[in-house]
1. Just to be sure, is Glu171 over 19 Å from Val93 (Cβ atoms) and at pLDDT below 95?
2. Please go through the range 124-150 and pick out each residue that is surrounded by fewer than 16 Cβ atoms within 10 Å (Cβ to Cβ), among the polar types (S, T, N, Q) and modelled with pLDDT of 95 or more.
3. If you take just the strands (runs of 3 or more DSSP E) that sit entirely in the range 86-182, which of them hold at least 1 residues that are within 22 Å of the chain's Cα centre (by Cα) and polar (S, T, N, Q)?
4. Quick one: would you say Val105 is aliphatic (A, V, I, L, M) and farther than 16 Å from Gly179 by Cα?
5. Taking the conditions exactly as written (surrounded by 15 or more Cβ atoms within 10 Å (Cβ to Cβ) and modelled with pLDDT of 95 or more), does His121 satisfy them or not?
6. Contact list please: Cβ distance under 9 Å, first residue in the range 116-129 and over 7 Å from Val140 (Cα atoms) and free of Cβ contacts under 8 Å to residues at least 60 places away in the same chain, second residue charged (D, E, K, R) and assigned to a loop (DSSP other than H, G, I, E, B), pairs at least six apart or on different chains.
7. Among the listed residues Val114, Val29, identify the single one that is over 18 Å from Ile181 (Cβ atoms) and either modelled with pLDDT under 80 or surrounded by 10 or more Cβ atoms within 10 Å (Cβ to Cβ) (or both).
8. Please give the number of the condition Glu98 fails out of (1) surrounded by 14 or more Cβ atoms within 10 Å (Cβ to Cβ); (2) without any contact (Cβ under 8 Å) to a residue 12 or more places away in the chain; (3) charged (D, E, K, R).
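The values are calculated or read from the model by the stated rules, or taken from the named source; none is laboratory data. Keep in mind that what you see is a predicted model, and the values were worked out from it rather than measured. All Cβ positions, glycine included, derive from the backbone under ideal geometry; neighbour counts span all protein chains shown.
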Amino acid sequence: MDQMAQAPKPASTSQGYGKKIFTPKNIIVYLVIAALAYGAIYYFFFAKKDGGYGKSKDESGYQTNGEGSGADSGNQPIVVTLSSQNNSGQDAVALLVEENGKVKVALSVGNPSVGVSQPIHIHKGKCPDVGDVTFPLANVVDGQSETTIETTLSKLTENPMAINVHKSTDEVKTYVSCGDIQ
């Protein structure tokens, strides 16, 4: 009779019940999923707004690429693609945005020289043979630079200009990337 009074025991508790869901491995997986979701949301709702990077719509609704003349196109953000030079492998992208009559230049370098301060300037002329420095910018550190300069986008596009990144403060004559402002 004692045998019938006992409730049957479950065969195993390893069928998903009672497992830890916050193991270090699972936390990494959750973080990767969250990062991918955040990136997708940013890409589809913010980065591609008005047609994508470097493109915007004019008053008529047609897409433009930041090039053009006149006051209307002078306030459109400009995206500058910098190509690597001297086998540096350091391609870069700069975003130039006019705010309150000044231009904010934000630059991101791929394959950055970590811990190295790299001078960056806006030069007269076009890549690869740039001329004199027109605007010194904050040095690139760990692949990033951001500077606000006293000019407008329309003035930057009046004459040929280029953004140039140098290898280091010790090797200023070695260029690692360059891109024309258009």
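1. Working: over 19 Å from Val93 (Cβ atoms): yes; at pLDDT below 95: yes.
Against the criterion (over 19 Å from Val93 (Cβ atoms) and at pLDDT below 95), Glu171 qualifies.
2. Across the range 124-150, the qualifying residue is only Thr148.
3. Values: elements: 92-99, 102-109, 117-124, 133-141, 144-149, 161-166, 175-181.
Hits in the range 86-182: 102-109, 117-124, 133-141, 144-149, 161-166, 175-181.
4. In short, no.
5. On the way: surrounded by 15 or more Cβ atoms within 10 Å (Cβ to Cβ): yes; modelled with pLDDT of 95 or more: yes.
Judged against the criteria, His121 is a match.
6. That search, which allows pairs on different chains as well, returns Val116/Asp142; Val116/Lys167; His123/Asp132; Lys124/Asp132; Gly125/Asp132.
7. Details: Val114 fails: either modelled with pLDDT under 80 or surrounded by 10 or more Cβ atoms within 10 Å (Cβ to Cβ) (or both).
Only one candidate passes the filter, namely Val29.
8. Result: Glu98 passes all but (2).
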